[in-house]
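Take a look at the structure below.
The values are calculated or read from the model by the stated rules, or taken from the named source; none is laboratory data. Quick caveat, the model's predicted, so the values are computed rather than measured. Methodologically, a virtual Cβ is constructed for each residue, glycine included, from the backbone with ideal geometry; neighbour enumeration extends over all protein chains shown. In case anyone asks, the SASA skips ligands and DNA or RNA and just uses the protein heavy atoms, side chains included. Shrake-Rupley method; radii C 1.70, N 1.55, O 1.52, S 1.80 Å.
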Amino acid sequence: MFNSMKKKNKTKQNKTSVKVKKSEIELKLNEYEKGIMSDLQKQYLKDELNELSDIKENNVDISAVYFSFQDRCLEVKVFIRNNFLEPVNFENIPLEVYDSNENIVARKMFNLSSVGTIEPKTAKVYKLYFEDKYIINKNFDSSNLKLKFENNIRCFKNVEAKIQNLPEDTEQSQIERYNKFIDKLPKLEENTVSMSAAELVNYDNGNIGVIVIIRNGYAEKEVKMENIPATLFDKSGKMVATGSFSSRIFDVKPLSASIYNLVFSGSQIVDRNYDLTQWNLIFEKFNTPQVS
């Protein structure tokens, strides 16, 4: 067991935290794990989870239950526990292994996004691998190790944003297409704004339109943008069009997604000899969205 990790939260918390019974943290297995594990293996994992120390409310925790060193690689089996009332996700997390004398053994930055969402009051089992190049002290006793967090550990909560500005006469098939696109986007982090290009439209008059989806991850605040600079590139990476769109206010209600059509026209299209069978829209540095 090692240091608990607090989720960043702007609201003030009480100085005293209430502990919960370990049995309130439920083990969650993915479909693959459920399929290959026997009932005995599943029960063994549950027993390991229940043997861990209590976890405080509004904390997440990574607890190591065994270390194994083979073929110049240190394997660490851990339980990642979430004792928040909301799901959490992880980004890059620096982890360190120490021996019983507090000498550092290994250090590595792990991308734990593959762990996926950890639901409230649940835990997932996971294996960490410190390859040889991450092992600082190779003369260690693997029977008495512990795992620690470095500083600035970050977990975050994802939110859902639903489309809110489509005209009433929008065809259902088009709505479903946009919703499927949103479902494939990276998770929207709480209190953030995301912009993504969804579709490209070639108009008969030579103009090029790009359907853009703006997602607002704020729960109680509306987001407004007055200017969106964007550049379109074709399959070969050649710049096709560039422009700054400021003829209207781009506004997105809380926990919503708005769809806008950015149309490149006239001198904004810098090269007509393009291949847009594949394309990429880059949003240049734009003004910070107004959150109100």
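Here the chain is treated as an ellipsoid with the same Cα gyration tensor; its semi-axes, largest first and in whole Å, are 46, 23, 19. Within segment 198-270, the trypsin sites (Lys or Arg not before Pro) that combine a DSSP coil assignment with at most 10 other C-beta atoms in a 10 angstrom radius are Arg248. In loop segments of segment 195-264 as defined by DSSP, the chymotrypsin sites (Phe, Trp or Tyr not before Pro) with at most 16 further C-beta atoms inside 10 Å of their C-beta are Tyr203.
Give me the angle, in degrees from 0 to 90, between the Cα long axis of helix 172-184 and the longest principal axis of the Cα atoms of the chain, rounded to the nearest 10. Relative to the chain, helix 172-184 is tipped by roughly 40 degrees.
Taking label points 7 Å from Cα along the Cα-to-Cβ direction, Lys77 and Asn139 give a separation of 3.0 nm. For segment 156-255, pairs of C-alpha atoms spaced more than 16 angstrom apart make up 65 percent of the total. Whole angstrom only: what separates the Cα centroid of segment 218-249 from the Cα centroid of segment 36-90? Computed from Cα coordinates, the inter-centre distance equals 43 Å. Were the residues from Glu189 through Glu31 laid out at 0.36 nm apart, the gain over their Cα-Cα distance would be 54.4 nm. Charge dipole (Cα centre; +1 on Lys/Arg Cβ, -1 on Asp/Glu Cβ; no other charges) of the chain amounts to roughly 840 debye. Give the accessible area for Val193 in Å² (nearest 10); use a 1.4 Å probe, count only protein heavy atoms, and leave out ligands, DNA and RNA. Its accessible surface works out to 50 Å², give or take rounding. Placing R0 at 41 angstrom, the Cβ-Cβ distance between Arg272 and Thr117 gives a FRET efficiency of 0.35 after rounding to 0.05.
List the pair-distance distribution P(r) of segment 45-192, using every Cα-Cα distance, as the percent of pairs falling in each 5 Å bin from 0 up to the bin containing the longest distance, rounded to whole percents. Taking every Cα pair in segment 45-192, the percentages come to 2, 8, 16, 17, 15, 12, 9, 7, 5, 4, 3, 2, 1, 0. Accessible area per residue was computed with a 1.4 Å probe on protein heavy atoms; Thr242 scores about 50 Å². With the simple model of a label 7 Å out from the Cα in the direction of the Cβ, Ser244 to Val201 spans 2.5 nm.
The residue among Pro229, Thr117, Asn101 whose Cα reaches farthest toward the positive pole of the charge dipole of the chain, with charges on the beta-carbon of Lys, Arg, Asp and Glu, is Asn101. By how many degrees, between 0 and 90 and to the nearest 10, does the Cα long axis of helix 39-50 differ from the longest principal axis of the chain? Result, in degrees: 80. Were the residues from Asn261 through Glu160 laid out at 0.36 nm apart, the gain over their Cα-Cα distance would be 34.2 nm.
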